[in-house]
1. Consider residue 100 against the criteria (1) open to solvent by less than 40 Å² (accessible area, probe 1.4 Å); (2) under 30 Å from residue 62 (Cβ atoms): it satisfies all of them except one. Which criterion is unmet?
2. Output the number of residues of segment 49-92 satisfying the condition of being open to solvent by 70 Å² or more (accessible area, probe 1.4 Å) and within 17 Å of residue 18 (Cβ to Cβ).
3. Hey, any hits in segment 67-84 for a residue that's outside any strand (DSSP E or B) and in contact with a helix residue (DSSP H, G or I) (Cβ under 7 Å, 6 or more places away or on another chain)?
4. Within segment 170-197, how many residues are closer than 19 Å to residue 129 by Cα, over 22 Å from the mean Cα position of the chain (by Cα) and either open to solvent by less than 60 Å² (accessible area, probe 1.4 Å) or not hydrophobic (A, V, I, L, M, F, W, C) (or both)?
5. Tell me whether segment 156-167 contains one or more residues that are modelled with pLDDT under 95, among the charged types (D, E, K, R), at negative phi and surrounded by fewer than 15 Cβ atoms within 10 Å (Cβ to Cβ).
6. Does residue 113 satisfy being at pLDDT 90 or above, within 16 Å of the chain's Cα centre (by Cα), open to solvent by 70 Å² or more (accessible area, probe 1.4 Å) and basic (Lys, Arg)?
7. For segment 116-158, name all the residues that are within 16 Å of the chain's Cα centre (by Cα), over 20 Å from residue 75 (Cα atoms) and aliphatic (A, V, I, L, M).
Amino acid sequence: LDLGHEYSLVNFPFNTANSFFDQRTSAHVLLAHTRWLTHQTGWTYQAREYDTRQARNPSGVDIITLVREDQRHTVSHEFRLRFAKTSARLVGEFYRNSSNDLFRDFYDWKDYRVRGVVSRVLSPKWYGVVVSSFERHDYEERLVPAIDVPETDKLFTFAGSLIYEVRPNTQLTYSLTYRYQYSNDPRLDFTDWINQVGLTLSF
């Protein structure tokens, strides 16, 4: 059982409207069924309150008596499999964002995400990682203009990495990522490829 609470204070001295404090409360339970199978379930609540920024009404006008506050709930469940040279994770997550800023109802959404990760030792110095994920955004008030229904975005991601251990404290990494988004608003459809090369030094 893992219980946590985090408190953050972010201050912009020359723009206090962007200053805020952030609190996160979480609870996670990790269960082990066998030597090779464990799973974890968890919940996190996050609240962000701004110092001077006011919440707005649906027309975008400040509500003088109401300080803006954003909230997020996260529920997750994760399965982990571990063998001699291979490990795998399957993670499901649900997010819900909300705000007392009524003008921001345009951005309030619920998010469903499923992610799978497989890692394998290929040789004493080579490692491979494959990642696949699906994410769905359901907006509550944001409408698609042409059909006047709430917007829904679906994002598919596929990625792979090769890691070479030059020394115990030095690694070279090459990663290739493909992303495709499908939306009921065709203007938001996209496809992209990301190539990355990295060097990691540990001290």
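The values are calculated or read from the model by the stated rules, or taken from the named source; none is laboratory data. Bear in mind that the values here come from a model prediction, so they are computed numbers and not experimental data. Glycine also receives a Cβ, built like all others from the backbone with ideal geometry; neighbour counts cover every protein chain displayed. Only protein heavy atoms, including side chains, enter the accessible area calculation; ligands, DNA and RNA are left aside. Shrake-Rupley method; radii C 1.70, N 1.55, O 1.52, S 1.80 Å.
1. (1)
2. Count: 2.
3. no
4. Going through segment 170-197 one residue at a time, the tally reaches 4.
5. Yes; the residues of segment 156-167 include at least one that is modelled with pLDDT under 95, among the charged types (D, E, K, R), at negative phi and surrounded by fewer than 15 Cβ atoms within 10 Å (Cβ to Cβ).
6. no
7. Once the filter is applied, which keeps residues that are within 16 Å of the chain's Cα centre (by Cα), over 20 Å from residue 75 (Cα atoms) and aliphatic (A, V, I, L, M), segment 116-158 yields only 131.
For (1) basic (Lys, Arg); (2) touching a Lys or Arg at 6+ places or on another chain (Cβ under 6 Å); (3) within 27 Å of residue 111 (Cβ to Cβ); (4) touching a residue at least 40 places away in the same chain (Cβ under 8 Å), each residue gets a yes or a no:
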{"position": "9", "(1), (2), (3), (4)": "no, no, yes, no"}
{"position": "16", "(1), (2), (3), (4)": "no, no, no, no"}
{"position": "30", "(1), (2), (3), (4)": "no, no, yes, no"}
{"position": "39", "(1), (2), (3), (4)": "no, no, yes, yes"}
{"position": "45", "(1), (2), (3), (4)": "no, no, yes, no"}
{"position": "64", "(1), (2), (3), (4)": "no, no, no, no"}
{"position": "80", "(1), (2), (3), (4)": "yes, yes, yes, yes"}
{"position": "83", "(1), (2), (3), (4)": "no, no, no, yes"}
{"position": "88", "(1), (2), (3), (4)": "no, no, yes, no"}
